[in-house]
Amino acid sequence: MLRRNRRLRTNEAIRSMVRETSISPNDFIVPLFIVEGKNVKDEINSMPGYYRYSLDLIEKEVKELWSLGLRSVLLFVKVSEELKDNAGKEAINPEGLMQRAVKTIKNAVPEMIVMTDVALDPYSKFGHDGIIDDGKILNDDTAAVLAEISLSHAKAGADFVAPSDMMDGRIFEIRSLLEDEGFHDTGIMSYSAKYASAFYGPFRDALDSAPVDAQNIPKDKKTYQMDPANREEAVKETLMDIEEGADIVMVKPGLCYLDIVRDIRNVVNVPVAVYQVSGEYAMIKAAAEKGWLDHDAVVLEQLTAIKRAGASLIASYFAKEAVKIIS
Ligand code: PBG
């Protein structure tokens, strides 16, 4: 034998010398769920160890994240039922929960990169990412509102807006309005290849944002989110979002879609983010609770696989734990 591959696996020092992929705190985007109230730290049923925070407690949380080396957060808000409508009116309220959350976090840790979820579903009485008329999700009317929401987040101080809806043309609408209004430095992280996945269940529990079951309301998001069977289409979606002005693109969910991540990584020259979603988190937690999997090892293996596939950034509910495990 002239070649013995095991030589490079002899011990941990050699293995780490030749290791191709590593994880560090600045790879992560930390999703945060925010609620109204005081002194609220409310565990999410289907996401053990993950919480909804009120604004007073979020300050402490982001300071801790910063001290762990985490540099970016992605905000989601839980909106009370009476503020929901079919137009996103509350989403553009300058005194809304999201807008106050951005200010609170920027105030607590000015250097923290604050990204905001731009979407109608938490604000929609139908639980959809678009305005509905006669059983249909209206594309262009929705895109126009998403641009208004983005502007409102930019005014509050968001560094990046992150539209998570999959309407056509919304990146162009958002970029155009931000430019017109002078927000040249506000970035866009686009959920560009977002699939109609069954892995979002726990997230919809967290925000109480699942599509409602009613007549003439679509039961799922398949007319806007992508078909999990499609691969070529993900590249098309992503290239269009870049043309329209996206600074960072995203593939979502993570683990089941790593072929898509690699396809996209090979053809784009912007950072590619991957969202390891709520269902992926819940599966690991559940199996670990049963004692069926080694929690920390599985977390690191999955995050490493996501990076190896080509992710430049990972939005993950494991961010804080992962940083503690690797340090
Ligand atoms: C909705 C949105 C969803 C997620 C992020 N933004 C759910 C959905 O599309 O129904 C899911 C994130 C997760 O599951 O962790 N705009």
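A short reminder: the numbers here are calculations on the coordinates, not readings from a lab. Just so it is clear, the model here is predicted, and its values are computed rather than measured. Backbone-built Cβ (ideal geometry, glycine too); neighbour counts: all protein chains shown.
Points worth noting:
- In the chain, the longest principal axis of the Cα atoms and the axis of helix 258-267 are about 80 degrees apart.
- The stretch 311-327 - phi-based ³J(HN,Hα) in whole Hz, Karplus 6.51/-1.76/1.60, Gly and Pro as x: 6, 8, 9, 10, 7, 8, 6, 8, 3, 5, 5, 4, 5, 5, 5, 6, 7
- Column: log10 I(q)/I(0), Debye, Cα scatterers of the chain, q = 0.06, 0.08, 0.10 Å⁻¹: -0.20, -0.36, -0.56
- Computed over the stretch 84-176, the convex hull of the alpha-carbon atoms projects to a mean area of 5.5 nm².
- Among SER209, SER24, a tally of other beta-carbon atoms within 10 Å of each Cβ gives an order, fewest to most, of SER24, SER209.
- Local charge for PHE172 was computed over the other residues whose Cβ lies under 10 Å away, with Lys and Arg +1 and Asp and Glu -1, and equals -3.
- Overall shape of the stretch 1-138 was characterised from the C-alpha gyration tensor. The equivalent ellipsoid obtained from it has semi-axes of 41, 21, 13 Å, in decreasing order.
- Listed residues GLU20, GLU12, GLU61, most fluctuating in the chain (Gaussian network, C-alpha, under 10 Å): GLU12
- Using alpha-carbon coordinates, inclination of helix 97-108 to the longest axis of the chain, degrees: 50 degrees
- Percent of beta bridges antiparallel (DSSP, the chain, rounded to nearest 5): 15 percent
- The angle separating the long axis of helix 55-67 from the principal Cα axis of greatest extent in the chain is about 30 degrees.
- Kirkwood-Stokes translational diffusion coefficient of the stretch 154-217, alpha-carbon pairs, 25 °C, 0.890 mPa s, µm²/s: 174 µm²/s
- Among MET283, MET250, MET226, MET1, the ranking by other beta carbons within 10 Å of each residue's beta carbon, starting with the fewest, stands as MET1, MET283, MET226, MET250.
- Cleavage-rule hits (trypsin sites (Lys or Arg not before Pro)) in the stretch 283-316: DSSP loop, at most 10 neighbouring Cβ within 10 angstrom: LYS290
- For the chain, the mean residue ellipticity at 222 nm estimated from helices alone is -12000 deg cm²/dmol, where every DSSP H run of n ≥ 4 contributes -39500 (n - 2.57) and the total is divided by all residues, rounded to the nearest 500.
- HN-Hα J in Hz across the stretch 242-252 - Karplus 6.51, -1.76, 1.60, θ = phi - 60°, x for Gly and Pro: 5, 4, 7, x, 6, 8, 10, 10, 9, 10, 8
- Top positive-direction residue, dipole computed over the stretch 21-326 with Cβ charges, set THR21, VAL73, VAL251: THR21
- Neighbours of ALA206, meaning other residues whose beta-carbon lies under 13 angstrom from its beta-carbon, give a summed charge of -3 when Lys and Arg score +1 and Asp and Glu score -1.
- Quarter the surface of the alpha carbon convex hull of the stretch 191-327 and you get the mean projected area, 9.8 square nanometres.
- Summing charges over neighbours of GLU59, with a neighbour being any other residue whose Cβ is under 13 Å away from its Cβ, gives +4 when K and R count +1 and D and E count -1.
- Considering only alpha-carbon pairs that sit under 8 angstrom and 6 or more positions apart, the relative contact order computed for the stretch 21-326 is 19 percent.
- Going by neighbour counts of Cβ atoms within 10 Å, the residues HIS153, HIS184 line up, fewest first, as HIS184, HIS153.
- Per DSSP, loop GluC sites (Glu not before Pro) in the stretch 89-168 with at most 10 further Cβ within 10 Å: GLU95, GLU111
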